[in-house]
Amino acid sequence: MSNRSDTYRGRLLRVNLTDSSSKEEEVDPDILRSFIGGRGLGAALLYNEVGPGVEPLGHENKLIFNAGPLVGTGAPCSGRFCVSTKSPQTGIYLYSICSGRFGRMMRKSGYEVLIIEGKASHPVYLVIHDGEMIVQDAGILWGMNTEETERNLRQKFSVRGGVSVACIGPAGENMLKVSCIISEKRAAGRGGPGAVMGSKNLKALVVGGDNQVSIYDEPELKKIMKNAHQLIMDNPFLMDSISPYGTATSVNLSSAHGVFPVHNWQRGVFEDIDALRPQRIRKEFLLRDKACPACPVACSKITAVTSGVFAGAKTEGPEYETIYAFGSACDNPSMESIIYADMLCDQLGMDTIACGVTIAFAMECFERGILNIRDTDNIELRFGNGEIIPEILQKMVKKEGIGDVLSDGVKRAADRIGQGTEKFAMHAKGMELGGYDPRGVKGQALVLA
């Protein structure tokens, strides 16, 4: 049995990018007990660290990475980490949960919390390993997509026990407010945390080490974990729907209840729904199932397109929200284009919900005659035209032509276009709406408020 004070004491590494310094701290025990784990602790720390007048893309904003007490213990479904910051999209508190190995490897590096502050004078990345922090020049990585960045860094630091990488792509470097942080093809998305990293000239974090995650009473935890595992295995929704189909199973549920947003939220039922159903994804595009660390459900799906104009596209997903954003919201029945767009967003470091909802808005502007063919760089930006989505995404990340108008999300696109378009720009406080229509799911209105 470990000493209770050695198990989860909130070991914190504060990194100042301005002068490349770092110092170890411990989170106040009262805060640690009151705000257990990722989201709660991140919110409390951000509240204390970042004042109301701080600009989200200013050097005074901070990025907080933290992993909860179950991360790295083997507890079912505990493979998570949380990113908290002030959102460039909304101007208020932002949290984002991401799965994968990063949280466990952060704890193995010796820390439960990382606070990144200041701004580097040039592009850098951080290496945090076994209680040591090194700031490295990232000039050679700047401009790389997330896959290239992660591959480069994992090869460079292929130490015993491995490392995990969280990084930004060109979207974050260009401080697009729709940019996210990518780790192992998983996204800490929504609200623009990638832009905050980019504003600090921080390309990536590399974490790892040989520190073991201490457990106060391991025999008792194993009993609890065994019971939790059995409850998961006995849950028919998890094992019969989520396990084989992933979050895409919600396509069936939302469509059946008429709350699957279609045609930029003008309807709640998609006429070509069979093209977007998870059963089709599993039958025609699935390569294999994938599980997060310590998770028996394996809800993630590796998919690929093998023929047609999008042949060669391969992604982890698409998740339900991505199918909604690039599919039904754009009146687009092409699963091939959705898979390609999902892959591209991961590589560029862009939030799929933000991008899809913004493109759906632009399609409505085009069909209403508010945008014309000259405005859209000779692109037929019509509902149902899935083939143009990747081209629009590339223009957004480069801030070229119509992409510059759309690059910071739907609210700012409506501000730039004007002409009353704010009436059908689907967002709350600047953040694009997720794929559940509150007109049919009343409780969802509280989520979006």
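The values are calculated or read from the model by the stated rules, or taken from the named source; none is laboratory data. Not measured: the values here are computed from a predicted model. Cβ atoms come from the backbone with ideal geometry, glycine included; neighbour counts cover every protein chain shown.
So if I check each of 215, 181, 281, which one is in contact with a strand residue (DSSP E or B) (Cβ under 9 Å, 6 or more places away or on another chain), outside the structural domain of residue 147 (by TED's automatic domain parsing) and of a type in the set (Val, Ile, Thr)?
On the way: 215 fails: in contact with a strand residue (DSSP E or B) (Cβ under 9 Å, 6 or more places away or on another chain); 181 fails: outside the structural domain of residue 147 (by TED's automatic domain parsing).
Result of the check over 215, 181, 281: 281.
Comparison of 178, 135, 127 shows that the only residue that is at pLDDT 95 or above, hydrophobic (A, V, I, L, M, F, W, C) and closer than 27 Å to residue 318 by Cβ is 178. Here's a check for you: in region 348-370, which residue that is of a type in the set (A, V, I, L, M) and part of a helix (DSSP H, G or I) is nearest to residue 263 (Cα to Cα)? Result: 360. Quick check: is even one residue across region 57-75 at pLDDT 95 or above, surrounded by 23 or more Cβ atoms within 10 Å (Cβ to Cβ), within 30 Å of residue 448 (Cβ to Cβ) and of a type in the set (D, E, K, R)? No - not one qualifying residue is present in region 57-75. State whether one or more residues within region 49-56 are touching a residue at least 40 places away in the same chain (Cβ under 8 Å) and surrounded by fewer than 12 Cβ atoms within 10 Å (Cβ to Cβ). Within region 49-56 (the criterion being touching a residue at least 40 places away in the same chain (Cβ under 8 Å) and surrounded by fewer than 12 Cβ atoms within 10 Å (Cβ to Cβ)), the answer is no, since none of the residues qualifies. Looking only at region 212-227, decide whether some residue is closer than 26 Å to residue 322 by Cβ and either small (Gly, Ala, Ser) or within 18 Å of the chain's Cα centre (by Cα) (or both). No, that holds for no residue.
Quick one: would you say residue 321 is under 17 Å from the mean Cα position of the chain (by Cα) and either crowded, with 24+ Cβ neighbours inside 10 Å or at pLDDT 95 or above (or both)? Steps first, please.
Values: under 17 Å from the mean Cα position of the chain (by Cα): yes; either crowded, with 24+ Cβ neighbours inside 10 Å or at pLDDT 95 or above (or both): yes.
Yes.
Just one of 189, 209, 194 is within 18 Å of residue 81 (Cβ to Cβ), in contact with a His (Cβ under 6 Å, 6 or more places away or on another chain) and either in the same structural domain as residue 302 (by TED's automatic domain parsing) or of a type outside the set (D, E, K, R) (or both); which is it?
Of 189, 209, 194, the one residue that is within 18 Å of residue 81 (Cβ to Cβ), in contact with a His (Cβ under 6 Å, 6 or more places away or on another chain) and either in the same structural domain as residue 302 (by TED's automatic domain parsing) or of a type outside the set (D, E, K, R) (or both) is 209.
Restricting region 266-278 to residues that are in a loop (DSSP other than H, G, I, E, B) and of a type outside the set (Val, Ile, Thr), the residue that is farthest from residue 246 (Cα to Cα) is 266.
How about region 179-215: which of its residues are among the hydroxyl-bearing types (Ser, Thr, Tyr) and touching a Gly at 6+ places or on another chain (Cβ under 6 Å)? Please lay out each step first, then the result.
From region 179-215, those among the hydroxyl-bearing types (Ser, Thr, Tyr) are 179, 183, 199, 214; that's our starting set.
Listed by number, the residues that qualify are 179, 183.
Kindly indicate which of 243, 250, 254 is farther than 25 Å from residue 409 by Cβ, assigned to a helix (DSSP H, G or I) and touching a residue at least 12 places away in the same chain (Cβ under 8 Å). From the options 243, 250, 254, the qualifying one is 243. Here's a check for you: in region 243-267, which residue that is surrounded by fewer than 18 Cβ atoms within 10 Å (Cβ to Cβ) and aliphatic (A, V, I, L, M) is nearest to the chain's Cα centre (by Cα)? Applying the filter and picking the extreme gives 253. Surrounded by 22 or more Cβ atoms within 10 Å (Cβ to Cβ) and within 24 Å of the chain's Cα centre (by Cα), is that true of residue 350? Considered against the rule, which asks whether it is surrounded by 22 or more Cβ atoms within 10 Å (Cβ to Cβ) and within 24 Å of the chain's Cα centre (by Cα), residue 350 comes out as yes.
For residue 288, the criteria (1) touching a helix residue (DSSP H, G or I) at 6+ places or on another chain (Cβ under 6 Å); (2) farther than 16 Å from residue 250 by Cα hold in every case but one, which is (1). In this entry, residue 362 is excluded by the filter for residues that are surrounded by fewer than 21 Cβ atoms within 10 Å (Cβ to Cβ) and touching a residue at least 24 places away in the same chain (Cβ under 8 Å). Which residue is surrounded by the most Cβ atoms within 10 Å (Cβ to Cβ), if the candidates are limited to region 104-120 and must be in contact with a Ser or Thr (Cβ under 8 Å, 6 or more places away or on another chain) and of a type in the set (Gly, Ala, Ser)? Only one residue fits best here, namely 120. Scanning region 85-103 for residues that are over 22 Å from residue 17 (Cα atoms) and of a type in the set (A, V, I, L, M, F, W, C), we see that the one that is surrounded by the fewest Cβ atoms within 10 Å (Cβ to Cβ) is 92. Would you list the strands (runs of 3 or more DSSP E) that sit entirely within region 72-139 and hold 3 or more residues that are among the aliphatic types (A, V, I, L, M) and within 21 Å of the chain's Cα centre (by Cα)? The qualifying strands (runs of 3 or more DSSP E) are 113-117.
Per-residue answers, yes or no, for (1) assigned by TED's automatic domain parsing to the domain that holds residue 436; (2) within 21 Å of residue 190 (Cα to Cα); (3) at pLDDT below 95; (4) of a type in the set (Ser, Thr, Tyr):
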position	(1), (2), (3), (4)
326	yes, yes, no, no
341	yes, yes, no, no
354	yes, yes, no, no
358	yes, yes, no, yes
363	yes, no, no, no
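Mind checking whether some residue in region 417-425 is crowded, with 22+ Cβ neighbours inside 10 Å, modelled with pLDDT of 95 or more and either touching a Cys at 6+ places or on another chain (Cβ under 6 Å) or not hydroxyl-bearing (Ser, Thr, Tyr) (or both)? Let's see the steps before the verdict.
First pass over region 417-425, keeping only residues crowded, with 22+ Cβ neighbours inside 10 Å: 425.
If we keep only those that are modelled with pLDDT of 95 or more as well, we get 425.
Keeping just the survivors that are either touching a Cys at 6+ places or on another chain (Cβ under 6 Å) or not hydroxyl-bearing (Ser, Thr, Tyr) (or both) gives 425.
Yes - at least one qualifying residue is present in region 417-425.
Of everything in region 146-175 that is assigned to a loop (DSSP other than H, G, I, E, B) and not hydrophobic (A, V, I, L, M, F, W, C), the residue that is modelled with the lowest pLDDT is 160.
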